[in-house]
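Undergrad: Pasting in a structure now, in structure tokens, and then I'll have a few things to ask.
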Amino acid sequence: MVGEFDWIGQYFRPLAAGNGIALDLVDDAALIPLGDGQALAVTTDAIVAGRHFLHTDPLDLVARKLMRVNLSDLAAMGAEPVAVFLTLAWPDRTSDADVAAFSAGLGRDLTAFRVALGGGDTVATDGPLTASLTAIGRVEEEGALRRSGAKVGDVLWVSGTIGDGALGLRAAQGGLTEVSGTHREALAGRYHLPEPRLCLGRALRGRATAALDVSDGLLQDVHHIATASGIGIVVEAERIPLSAAGRAVVDSGAVSLLEALCGGDDYELAFTAPAGADGEILARASASGIPVTKIGRAVAAEPAGQPVKLVDARGRTIPVPRPGYSHF
Ligand code: ADP
Ligand code: MG
């Protein structure tokens, strides 16, 4: 079966090759140089009812999630949000109240993240509700965070906690009854309303050697840093930070640690930095109010091996059958 990345690589990357904007379609956003050392970071992400959110999810939360997953890509570039453009394809049965709810959620996050609604498009569809947002940010061209700068010997870091998004989906679907209602609510909250790590992304400019946002599963996304940077990465499973709720789920045996780590929807930042920069990374993260944890290291790429290896506390490789979410 082909994956989305095969299609992007085969059919779209060649069209974007060498244009000085698309970064070969390996990054979280394109960078359009403005000629004065500044650049616009531009990203677009779509969400589809039944795929990215539940048909029963309140539409104000859907709008806010759409906004946040796009801002997360700007965070991954170290960019500051400026404006968003919104395309909505509504099913025929849509009511005025549905549109009102969506716009209320959007309005709330436009204010919260101080970003302008620049325009959009509104159409009808025979399919499920589909919403696409294009987000535009500003960043100094030199300081922008890319996926491609990690060097052998760098440390791999991750922000916040991993696994809550995927576990939150299960909680939102009525699952995870093995843990307390408080834990289920905390997890469902993280699924519905991810927190784009904009302050942290900006704080890492000029210091992180590579970065991306963890949207499709930590190991699959770290794989993108490894291939874009031409290195290997060893991830230590036991260092990966879990929330109290995530830990409770894994301890209950309801979901394995591996499944929790490979589910996606975290919207944390994974990034690399030189081994000597630990103190500075911790200080910058602390100033931005987001905890960060060291979870691995960059190693020389093995020509025939997998670029990302997950290991246990004794250094033994843990097989990862399905490192992340794939649309196809
Ligand atoms: P992210 O998870 O950070 O949003 P994706 O995995 O969706 O990134 O996409 C990977 C890269 O492929 C990005 O650079 C994105 O712009 C590019 N891309 C995805 N789909 C298309 C498409 N249909 N045409 C052109 N570029 C695409
Ligand atoms: Mg991304």
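Undergrad: Name the residue that is surrounded by the most Cβ atoms within 10 Å (Cβ to Cβ), counting only residues in the stretch 24-34 that are at pLDDT below 95 and near ligand 1 (Cβ under 7 Å from one of its atoms). First the steps, then the outcome.
TA: Let us first name the residues in the stretch 24-34 that are at pLDDT below 95, namely 24-26.
Checking which are near ligand 1 (Cβ under 7 Å from one of its atoms) leaves us with 25-26.
Values: Leu25: 15, Val26: 19.
Among residues in the stretch 24-34 that are at pLDDT below 95 and near ligand 1 (Cβ under 7 Å from one of its atoms), the one surrounded by the most Cβ atoms within 10 Å (Cβ to Cβ) is Val26.
Undergrad: Hey, any hits in the stretch 85-101 for a residue that's within 20 Å of Ala124 (Cα to Cα), among the hydroxyl-bearing types (Ser, Thr, Tyr), surrounded by 14 or more Cβ atoms within 10 Å (Cβ to Cβ) and more than 16 Å from ligand 1 (Cβ to nearest atom)? Spell out the reasoning first.
TA: Filtering the stretch 85-101 down to residues within 20 Å of Ala124 (Cα to Cα) leaves 85-101.
Now narrow it down to the ones that are among the hydroxyl-bearing types (Ser, Thr, Tyr): 87, 94-95.
Then drop every residue that is not surrounded by 14 or more Cβ atoms within 10 Å (Cβ to Cβ), which leaves 87, 94.
Then drop every residue that is not more than 16 Å from ligand 1 (Cβ to nearest atom), which leaves 94.
Scanning the stretch 85-101, I find at least one residue that is within 20 Å of Ala124 (Cα to Cα), among the hydroxyl-bearing types (Ser, Thr, Tyr), surrounded by 14 or more Cβ atoms within 10 Å (Cβ to Cβ) and more than 16 Å from ligand 1 (Cβ to nearest atom), so the answer is yes.
Undergrad: Where residues in the stretch 309-328 are within 18 Å of the chain's Cα centre (by Cα) and surrounded by 14 or more Cβ atoms within 10 Å (Cβ to Cβ), which of them is modelled with the lowest pLDDT? Step through it out loud before you land on a result.
TA: To start, the set of residues in the stretch 309-328 that are within 18 Å of the chain's Cα centre (by Cα) comprises 322-327.
Restricting the remaining residues to those that are surrounded by 14 or more Cβ atoms within 10 Å (Cβ to Cβ) gives 323-326.
Details: Pro323: 76, Gly324: 75, Tyr325: 69, Ser326: 64.
Top of the filtered list is Ser326.
Undergrad: While we're here: Considering only the stretch 153-243, give the strands (runs of 3 or more DSSP E) lying wholly within it that have at least 2 residues that are more than 16 Å from ligand 1 (Cβ to nearest atom) and at pLDDT 95 or above.
TA: Working: elements: 155-159, 210-214, 232-236.
Qualifying strands (runs of 3 or more DSSP E): 155-159, 232-236.
Undergrad: If you check every pair at least six apart or on different chains, which have Cβ atoms under 6 Å apart with a residue in the stretch 146-159 that is within 24 Å of Pro196 (Cα to Cα) first and a residue that is assigned to a loop (DSSP other than H, G, I, E, B) and acidic (Asp, Glu) second?
TA: Sorted first by the residue in the stretch 146-159, then by its partner, the pairs are Arg146/Asp27; Arg147/Asp27.
Undergrad: Within the stretch 271-278, identify whether any single residue is within 23 Å of Val320 (Cβ to Cβ) and not hydrophobic (A, V, I, L, M, F, W, C), and answer yes or no.
TA: Initially, the stretch 271-278 is screened for residues within 23 Å of Val320 (Cβ to Cβ), giving 271-272.
Now drop any that are not not hydrophobic (A, V, I, L, M, F, W, C), which leaves 272.
Looking through the stretch 271-278, at least one residue is within 23 Å of Val320 (Cβ to Cβ) and not hydrophobic (A, V, I, L, M, F, W, C).
Undergrad: Looking at the stretch 270-286 only, could you name the residues that are in a helix (DSSP H, G or I) and either more than 13 Å from Ala203 (Cα to Cα) or in contact (Cβ under 8 Å) with a residue 40 or more places away in the chain (or both)?
TA: Here is the first cut: in the stretch 270-286, the residues in a helix (DSSP H, G or I) are 275-286.
Listed by number, the residues that qualify are Ala275, Gly276, Ala277, Asp278, Gly279, Glu280, Ile281, Arg284, Ala285.
Undergrad: Considering each residue of the stretch 51-75, count those that are among the β-branched types (Val, Ile, Thr), more than 15 Å from Leu133 (Cα to Cα) and within 16 Å of ligand 1 (Cβ to nearest atom), and give that number. If you could, list the steps in order and put the result at the bottom.
TA: Initially, the stretch 51-75 is screened for residues among the β-branched types (Val, Ile, Thr), giving 56, 62, 69.
Of the ones still in play, those that are also more than 15 Å from Leu133 (Cα to Cα) are 56.
Applying the additional criterion that residues be within 16 Å of ligand 1 (Cβ to nearest atom) yields none.
Final tally of qualifying residues: 0.
Undergrad: Select from the stretch 35-50 the residues that are more than 8 Å from ligand 1 (Cβ to nearest atom) and either among the hydroxyl-bearing types (Ser, Thr, Tyr) or in contact (Cβ under 8 Å) with a residue 12 or more places away in the chain (or both) and list them in ascending order. Break it down into steps so the answer makes sense when it comes.
TA: Of all residues in the stretch 35-50, those more than 8 Å from ligand 1 (Cβ to nearest atom) come to 35-42, 46-50.
Passing the criteria: Gly37, Gln38, Ala39, Leu40, Ala41, Val42, Ala46, Ile47, Val48, Ala49, Gly50.
Undergrad: Regarding Pro291, is this residue farther than 22 Å from Ser148 by Cβ, surrounded by fewer than 18 Cβ atoms within 10 Å (Cβ to Cβ) and not hydroxyl-bearing (Ser, Thr, Tyr)?
TA: yes
Undergrad: If a residue has to be of a type in the set (A, V, I, L, M, F, W, C) and more than 12 Å from ligand 2 (Cβ to nearest atom) to count, how many in the stretch 207-227 make the cut?
TA: Of the stretch 207-227, the ones of a type in the set (A, V, I, L, M, F, W, C) are 208, 210-212, 214, 218-219, 222, 225-226.
Within this subset, residues satisfying the condition of being more than 12 Å from ligand 2 (Cβ to nearest atom) are 208, 210, 218-219, 222, 226.
So the count comes out to 6.
Undergrad: Restricting the search to the stretch 1-34, which residues are under 23 Å from Gly264 (Cβ atoms), touching a strand residue (DSSP E or B) at 6+ places or on another chain (Cβ under 8 Å) and touching a residue at least 40 places away in the same chain (Cβ under 8 Å)?
TA: Leu23, Asp27, Asp28, Ala29
The values are calculated or read from the model by the stated rules, or taken from the named source; none is laboratory data. Everything numeric in this text was worked out from a predicted model, so none of it was measured. Here the Cβ is made from the backbone with ideal geometry for all residues, glycine too, and neighbour counts use every protein chain on show.
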